[in-house]
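The values are calculated or read from the model by the stated rules, or taken from the named source; none is laboratory data. The model shown is predicted, which means the values in this text are computed figures rather than measured ones. Here the Cβ positions follow ideal geometry from the backbone for every residue, glycine too, while neighbour counts run over all protein chains shown.
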Amino acid sequence: MAEIKEVRKVETGRASIHSHITGLGVDENGKAKFKADGLVGQLEAREAAWVVVQLIKQGKMAGKGILLVGPPGTGKTALAVGIAKELGEDTPFNTLNASEIYSVDLKKTEVLTQALRKSIGVRVRQRRMVYEGVVKDVKMRIARSRINPYVQIPREVELKLATKDEERTLTAGETIAEQISKMGIRKGDVIWIDAETGNVVKVGKAKDVEGAKTFDIDTARTVEIPSGPVKKEKELTNTFTLYDLDLTLAAQSISITALFSLWSEREVSQDIRKQVDAYVKDMINKGTAELIPGVLFIDDAHMLDIETFSFLTKALEAELAPILVLATNRGTTKIRGTDVEAPHGMPLDLLDRLLIITTRPYSKEESREIISIRAEELDIELEPAALDELTSMAAEESLRYSIQLLEPSQVIARKAGRGIVKAEDVKEASRLFSDLKRSVKYVKEYENLFLK
């Protein structure tokens, strides 16, 4: 059972880098808006991604994949997230960096097979006990990670949930707190929490909630405030991945000793996968479940080798295959494991199977909007001059560098006793943290002192 207790105290959390993205920001005619669904600019790329979504929904993407090509920091990952959101809120979205497949513990084919099965969902219908209502207040307690003391993570959350007939204050632990932080749940959102598993689902934005904070990027559908008690029995539709089911079945056939020796890091046998596939097909035939092809996003795809590309080419043709989205920022380079140079470091036979979408560097206006959105997500108040300074840095250095200065600038402003970030705070943060150009200049200046 998920641990949920009523009442206790806490403070504010931070949003994940793509928590604000709710879709591709395209209208019903397939035309991209300048700023919508948390995305800014990249109109052609977003319209191309919308076409891909229609192909997927019509079942016409079998044996194909998508390749996102563009310079660093041009929104390739954001586009992949947007595609997954357009396919449905519970569509599995699994991210893998190409270098992660080179594990000392697992074979490359096992890492890729697990990634593929994490990207295929099974939607199951069942009745469960839930907490449901509109969020009247949310407070987050942040603490240092037990694994990495330099990273802060949500440790506990206090929620005030209300329906038309009742109001309750709940506290929940780390699992639920992380989900609420990643989803960017705020006052005015209608949510429900599975009392047994702790799964959190964001239904939409409640109509006419007093004091609810609204952002330009909010595009969640408007829903009525639920009625009845906060805690109730509800018919739920849960989505599990094939990999989740693999681990569940594997856990039933191992010893307690193996369980505590991190068995999940080892290979899952093909026999277990066959049993899971047969079980899923049986549920689908009975009408209690349905299959959801999700998205497998592989970043830095040029880091994959020739054997991996061969495996992925075959995987595209499999009966149970997710939507494969690759991303790269390389031009012509060698295919790893060969001396052959090819576009984006990929074999031509794989490139022929991919729909290629290109992204371009952001304009100054687009960079300004993205910085503004990110500041809102992090609850950082910028004065106009500070936003201008960050926009100029984005144009002169990089957008990522500019966004990275947001939180250091806020710390500097608070040290000076201000709640609003000024241009002088941004300049001070830039002085303390070097950009790429200054770093290269520094290396050249002290080249003789560096070890070789």
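Being aliphatic (A, V, I, L, M) and in a helix (DSSP H, G or I) is the filter; apply it to the range 107-122 and report the residue that is nearest to Glu317 (Cα to Cα). Show your work before the answer.
Step one: filter the range 107-122 for residues aliphatic (A, V, I, L, M), giving 111-112, 115-116, 120, 122.
Then drop every residue that is not in a helix (DSSP H, G or I), which leaves 111-112, 115-116.
Working: Val111: 18, Leu112: 15, Ala115: 16, Leu116: 13 Å.
Looking at the filtered set, the residue picked out is Leu116.
Exactly one of (1) of a type outside the set (Val, Ile, Thr); (2) over 23 Å from Thr77 (Cα atoms); (3) modelled with pLDDT of 85 or more is unmet by Leu351. Its number?
(2)
I need the strands (runs of 3 or more DSSP E) fully contained in the range 315-390, keeping only those with at least 2 residues that are within 24 Å of Ile66 (Cβ to Cβ) and without any contact (Cβ under 8 Å) to a residue 60 or more places away in the chain. Give the steps one after another, and end with the answer.
Numbers: elements: 323-328, 332-334, 341-343, 354-358.
Of the strands (runs of 3 or more DSSP E) lying wholly inside the range 315-390, those with at least 2 residues that are within 24 Å of Ile66 (Cβ to Cβ) and without any contact (Cβ under 8 Å) to a residue 60 or more places away in the chain span 332-334, 341-343.
Scanning for something touching a helix residue (DSSP H, G or I) at 6+ places or on another chain (Cβ under 9 Å) and at pLDDT below 85, does the range 324-332 turn up at least one residue? Talk me through it step by step, then tell me what you get.
Narrowing the range 324-332 to residues touching a helix residue (DSSP H, G or I) at 6+ places or on another chain (Cβ under 9 Å): 324-330.
Okay, now just the ones that are also at pLDDT below 85, so none.
The answer is no; no qualifying residue exists.
Since Pro71 meets every condition but one in (1) buried (at least 18 other Cβ atoms within 10 Å of the Cβ); (2) at pLDDT 85 or above; (3) of a type outside the set (D, E, K, R), which condition does it not meet?
Just one mismatch for Pro71, condition (1).
Run Val411 past the list (1) crowded, with 18+ Cβ neighbours inside 10 Å; (2) of a type in the set (A, V, I, L, M); (3) more than 18 Å from Pro72 (Cα to Cα) and report the number of the one that doesn't hold.
In the conditions (1) crowded, with 18+ Cβ neighbours inside 10 Å; (2) of a type in the set (A, V, I, L, M); (3) more than 18 Å from Pro72 (Cα to Cα), Val411 misses (1) alone.
Among the residues of the range 139-155, which ones are over 21 Å from the mean Cα position of the chain (by Cα) and assigned to a strand (DSSP E or B)?
Within the range 139-155, Lys139, Arg141, Ala143, Arg144 qualify.
Looking at Leu387, is it at pLDDT 90 or above, surrounded by fewer than 20 Cβ atoms within 10 Å (Cβ to Cβ) and in contact with a Lys or Arg (Cβ under 9 Å, 6 or more places away or on another chain)? Even if it seems obvious, please write down each step before you answer.
Working: at pLDDT 90 or above: yes; surrounded by fewer than 20 Cβ atoms within 10 Å (Cβ to Cβ): yes; in contact with a Lys or Arg (Cβ under 9 Å, 6 or more places away or on another chain): yes.
When the stated conditions are applied, Leu387 passes them.
Does any residue of the range 325-346 turn out to be exposed (fewer than 14 other Cβ atoms within 10 Å of the Cβ), within 24 Å of Thr74 (Cα to Cα) and polar (S, T, N, Q)? Don't jump to the end; show me each part of the working.
Start the filter on the range 325-346 by keeping residues that are exposed (fewer than 14 other Cβ atoms within 10 Å of the Cβ), which leaves 331-332, 334, 337-341.
This time we only want the ones that are within 24 Å of Thr74 (Cα to Cα), so: 331-332, 334.
In the following step, the residues that additionally are polar (S, T, N, Q) were identified as 332.
Within the range 325-346, one or more residues are exposed (fewer than 14 other Cβ atoms within 10 Å of the Cβ), within 24 Å of Thr74 (Cα to Cα) and polar (S, T, N, Q).
Only one of Ser434, Ser402, Ser409 is out of contact with any Gly (no Cβ under 9 Å at 6 or more places or on another chain), without any contact (Cβ under 8 Å) to a residue 40 or more places away in the chain and not in a helix (DSSP H, G or I). Can you tell me which? Let's see the steps before the verdict.
Details: Ser402 fails: not in a helix (DSSP H, G or I); Ser409 fails: not in a helix (DSSP H, G or I).
Going through Ser434, Ser402, Ser409 in turn, just one is out of contact with any Gly (no Cβ under 9 Å at 6 or more places or on another chain), without any contact (Cβ under 8 Å) to a residue 40 or more places away in the chain and not in a helix (DSSP H, G or I): Ser434.
Quick check, is Ala115 under 19 Å from the mean Cα position of the chain (by Cα) and in the same structural domain as Lys314 (by TED's automatic domain parsing)? Before you say what the answer is, go through the steps one by one.
Details: under 19 Å from the mean Cα position of the chain (by Cα): yes; in the same structural domain as Lys314 (by TED's automatic domain parsing): yes.
So Ala115 fits the description; yes.
Just give me the residues in the range 419-452 being within 13 Å of Pro408 (Cβ to Cβ), out of contact with any Asp or Glu (no Cβ under 8 Å at 6 or more places or on another chain) and among the aliphatic types (A, V, I, L, M), in sequence order.
Of everything in the range 419-452, those that are within 13 Å of Pro408 (Cβ to Cβ), out of contact with any Asp or Glu (no Cβ under 8 Å at 6 or more places or on another chain) and among the aliphatic types (A, V, I, L, M) turn out to be Ala429, Leu432.
Condition check ((1) exposed (fewer than 14 other Cβ atoms within 10 Å of the Cβ); (2) modelled with pLDDT under 85; (3) in the same structural domain as Ala394 (by TED's automatic domain parsing); (4) in contact with a Phe, Trp or Tyr (Cβ under 8 Å, 6 or more places away or on another chain)) across all residues:
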| site | (1), (2), (3), (4) |
| --- | --- |
| Val81 | no, yes, no, yes |
| Asn148 | yes, yes, no, no |
| Val151 | yes, yes, no, no |
| Arg155 | no, yes, no, no |
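With the requirement that a residue be assigned to a loop (DSSP other than H, G, I, E, B) and under 19 Å from the mean Cα position of the chain (by Cα), what does the range 167-197 give you?
We begin by selecting, within the range 167-197, every residue assigned to a loop (DSSP other than H, G, I, E, B); these are 173, 184-188, 195-197.
Answer for the range 167-197, where residues must be assigned to a loop (DSSP other than H, G, I, E, B) and under 19 Å from the mean Cα position of the chain (by Cα): Gly184, Ile185, Arg186.
Within the range 1-51, count every residue that is of a type in the set (Gly, Ala, Ser), closer than 23 Å to Thr222 by Cβ, part of a loop (DSSP other than H, G, I, E, B) and at pLDDT 80 or above.
Summing the residues that are of a type in the set (Gly, Ala, Ser), closer than 23 Å to Thr222 by Cβ, part of a loop (DSSP other than H, G, I, E, B) and at pLDDT 80 or above in the range 1-51 gives 1.
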